[in-house]
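Here the structure comes first, spelled out in structure tokens, and everything after it is commentary.
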2 protein chains.
Amino acid sequence: MRATPSGPGTTRARSWWGWGYTDAHPDDTECAAMGALVPGTLPRPLPVPRVADLRIGRPRATAPPALADRITDDPGVRAAHAMGKAYRDVIRALRGRPGRIPDLVARPADERDVADVLHWAGEQNVAVIPFGGGSSVVGGVEYRGDDHRAVLSLDLTSMDRVLEIDTVGRSARIQAGALGPVLEAQLRPHGLTLRHFPQSFEFSTLGGWLATRAGGHYATGRTHIDDFVQSLRVVTPAGAGESWRLPASGAGPSPDRLFLGSEGALGVITEAWMRLQERPRFKASASVTFADFGQALDAVRTIAQSDLTPANCRLLDAGEARMSGASHDGSAVLVLGFESATAPVDDRLTTALELARAHGGKGRPRKTDPDAPVDAAVSAWRSAFLRMPYLRDGLARMGAVVETFETAATWDRVPTLIDAVRTEVAAAALKATGHPATVNCRLTHVYPDGAAPYFTVLAAGRPGDEVAVWDDIKAAASDVLHRHRATITHHHATGRDHRPTYDLQRPHPFTLALHAAKTALDPHGILNPGVLIA
Amino acid sequence: MRATPSGPGTTRARSWWGWGYTDAHPDDTECAAMGALVPGTLPRPLPVPRVADLRIGRPRATAPPALADRITDDPGVRAAHAMGKAYRDVIRALRGRPGRIPDLVARPADERDVADVLHWAGEQNVAVIPFGGGSSVVGGVEYRGDDHRAVLSLDLTSMDRVLEIDTVGRSARIQAGALGPVLEAQLRPHGLTLRHFPQSFEFSTLGGWLATRAGGHYATGRTHIDDFVQSLRVVTPAGAGESWRLPASGAGPSPDRLFLGSEGALGVITEAWMRLQERPRFKASASVTFADFGQALDAVRTIAQSDLTPANCRLLDAGEARMSGASHDGSAVLVLGFESATAPVDDRLTTALELARAHGGKGRPRKTDPDAPVDAAVSAWRSAFLRMPYLRDGLARMGAVVETFETAATWDRVPTLIDAVRTEVAAAALKATGHPATVNCRLTHVYPDGAAPYFTVLAAGRPGDEVAVWDDIKAAASDVLHRHRATITHHHATGRDHRPTYDLQRPHPFTLALHAAKTALDPHGILNPGVLIA
């Protein structure tokens, strides 16, 4: 499969405008085939955009001599750092109207370089946008506005080493710019893994995960990257520092938790001690089908409230199950997986299946043979999961509008919320395009007290106006989440696209504290301006 | 047993100067018997101190008329709010030299009262010390200094109701002033429990747990009160607000985590939505003995790094095991307990015992009969655990010095740290008193990447100078923890006693942010001055 992680040392070309590797992109024929399934799309795909066709202005600032070999104004590099990888970003590139292209791109080799860049930028009123893998889908790495003399993208990916490993306590000091496969390759010889596999795993960095509070591999229990942080090192315009390596502490509010989720607006995370795990030796998975989605929700809640802690517990609604090939008869599918480095997990799977059956689910336990092929529905879903962003870009080339957004809410609100999103977002898409839209839902993470629904919206475009259609859909989605008091993001971060809704969600005392912290740490207001807080 | 939780509605008298209920205090004969075991203590116990013997000045401020029925200047009430319940507090009361007695004690009935008190105090430069159960052992509820016109203790215990229960998502909105037994009694009819049982359970409040990041029942996994918070409501001098009820969120840095551990210095936590659990139906426990403490540490680490997640996994060193009656032959004892509301836990206990035996431990699994008496060592340890603070006060009456302190460190540092604490703290106590001291250790909480050692120091006093001896021991303990980069507190909080060391441990960028937040939220500097930050 083309989207398989290829590890470090790869020479595959990354796309400057779309997801991932260029050689994994659907070709024109595939694009056209997909487009034919969505009413109202273009007759043929938009051409793949070229940097040479962009009008890229001369940089408005010049790198200081001391940093000249760390900073480039190469147009191709600048274009590749102009935006993240939201649909909104992809379609703007396809339409030849990308966001503000940064004037400079810095690739610091070490923390000293980072501090020097921040110092220079503060003096020169240059906005600094920390940039990891560039996979933001919320406008997190794009400059909007006009308050700064110039814009510099601070690409951390040259700082990608695992610096120390503590095999006794299973943790490692890792530089923030390491992409997923790069850090895992360095941990593997020690028999350890961070085991954090967001959908963007290949194209996102540790620092990005930390700055956005990424949600990871596990569907239950500790899954947010926050839980795996032992210590953070942060460089701010007002000074640098690191928390102590501790398994836990009650000494004042957690210093790390202020920087986790700060999206580059309070400081640049340069490295972290991360908690690691042994690779699992025992695995078992199964899928369960449900004729009724409400019963499926009850089953998942019961499993989430048990202490079985499945590693995977993803519920696909009928549309999502059909799209990923996990079912074709209109049933919802629950993908269950257990894993352990300690003991067999078959009993846990059996108990989970009993709970699911008690709520009308149909499924059987499977043998725990590591070499056995996994359940076909599980396998189909996994493949689709990694391939999805590539297909999204193929659909974008056909002028379709694709939006994915996610949230979390307590169980008492989940059923109503999902219904409301389906109804209201589909209505907004219909109004914007004149064509019916598809709104699918899956639960990506579940908790004893609630769940994280993830929505995929597929709609026709309005040729040339795809951004406006997307904006209408996004506004409708944000509004319905807000009215249901569901968070504006569970793991995609707030960026610039979610800022207005995030501002409404944030409690007043914390807003005051965050404002004060921002002013203290970033007195010139150069750090990722526009995200988090004014 | 006298220290058994007695639930709400109790009419047992609370001690104003010592731990818990007066009727559970050791009598003179018991005190003398304990004192006889510690060389250099007094021949007979110090008398139980009386409020009538204190010189309590007239209050330096008068309650405003609107709050007159919520604020008292009764000397007995004021005396009972002067200090926490550290040894240092108890011995000062016994010696007739308590800390600064507050001028007024407020007992707000609702959040409006809290806001009104803060408003008035800000105008009048009156320091406000939030007060829950008053069980602080780190000088967390005591005014030190002279920058304020008067001091008001803000006792939250009249706000003690469970306001709402969500049985679907298992959570409840609980007022911050509810003591442990008071909140559990309100949850019990719904079959739910917060299951947070710190040693101070009977005498500490939800708000106190949250403000100090209390460590709770579970030895592994989610145990800090932080993990059970769904939403917090906070009143600050700059305004009030609450976070949304969410199972998880990636929208910006966690707003709750700034107030968790803020020890009343950033705002007053008035209520919280807390995640609840079903009561466990399956339990199994066992004890394992180890001739070698180093091997015991390895065994515990292996269990902590498995996914067995024992509810109890407390390792007692030989001295601690002897003191609690868990063993008498010089062996260390590992107390293991499993519990579940989902499925039997015998297999998990069996696997844990196998891991322990592989490191030289001796122990057998026990039957999971809920009516069967628990393992004798487990039972002895549990009784001693709840009785310990009462015995400490009895020893204080004999002029002995007792200090307990706790920390956490990564596994690579744990063995050296424990050795260093034993050696250096014992040396400091010997130097201060001329008598050899006992330093015992247990691990209260264990993590895949480290552990939380808890130390008990028992030393002779220096009649009349017990506070000075305690201060010397505290200084030695804080110094050795700091040098080993072990946190100054895992779950006791920083208060005023740990402030100097906490200041050294806190990362520079977070110090800047915290200063800024303090100024923004508490512009008059009235909230618990002296803790957390200047």
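Results, tabulated for the structure shown:
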| read-out | value |
| --- | --- |
| Sparsely packed trypsin sites (Lys or Arg not before Pro) within segment A:231-317, loop by DSSP, other Cβ within 10 Å at most 14 | A:281 |
| Pair residue A:188, residue A:419: separation of 7 Å Cα→Cβ label points (nm) | 4.8 nm |
| Radius ratio Rg over Rh of the protein assembly as shown, counting only Cα atoms, Kirkwood formula for Rh | 0.98 |
| Length-normalised contact order for segment A:164-278 - Cα pairs under 8 Å, 6+ apart - percent | 36 percent |
| Tally of Lys pairs whose C-alpha atoms are under 19 Å apart, taken over the protein assembly as shown, 8 or more apart or cross-chain | 7 |
| Alpha-carbon Debye profile of chain B, log10 I(q)/I(0) at 0.11, 0.13 Å⁻¹ | -1.00, -1.43 |
| Relative contact order (percent, whole number), chain B, Cα cutoff 8 Å, 6+ residue spacing | 17 percent |
| Rounded, prolate or oblate (a/c below 1.5 giving rounded, otherwise prolate when a/b exceeds b/c) for segment A:352-511 by Cα gyration tensor | oblate |
| Modelled FRET efficiency - R0 45 Å, residue A:147 with residue A:483, Cβ distances, 0.05 increments | 0.90 |
| Förster radius 35 Å - calculated FRET efficiency between residue B:37 and residue B:13 (Cβ-Cβ, nearest 0.05) | 0.80 |
| Student exercise, the protein assembly as shown dipole from Lys, Arg, Asp, Glu Cβ charges, in Debye to nearest 20 | 280 debye |
| Mean Kyte hydropathy of 0.5 or more with a Cα span along the axis of at least 27 Å, helices from DSSP in chain B | B:414-433 |
| Interchain or long-range residues, amide H under 5 Å from residue A:168's placed H | none |
| Directionally averaged projected area (convex hull, Cα atoms, segment A:7-106), nm² | 8.3 nm² |
| Spatial extent of segment A:164-278: Rg and Dmax, with the Cα atoms as the point set, Å | 13.3, 39 |
| Relative contact order for segment B:219-377, counting Cα pairs under 8 Å that sit 6 or more residues apart, in percent | 27 percent |
| Distant-in-sequence amide H partners of residue A:141 (H built 1.01 Å from N, under 5 Å) | A:84 |
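Read-outs throughout are calculated quantities, based only on the coordinates presented, and are distinct from any laboratory measurement. What you see is a predicted model; the values in this text were computed from it and never measured. As a convention, Cβ positions derive from the backbone with ideal geometry for all residues, glycine included, and neighbour counts pool all protein chains shown.
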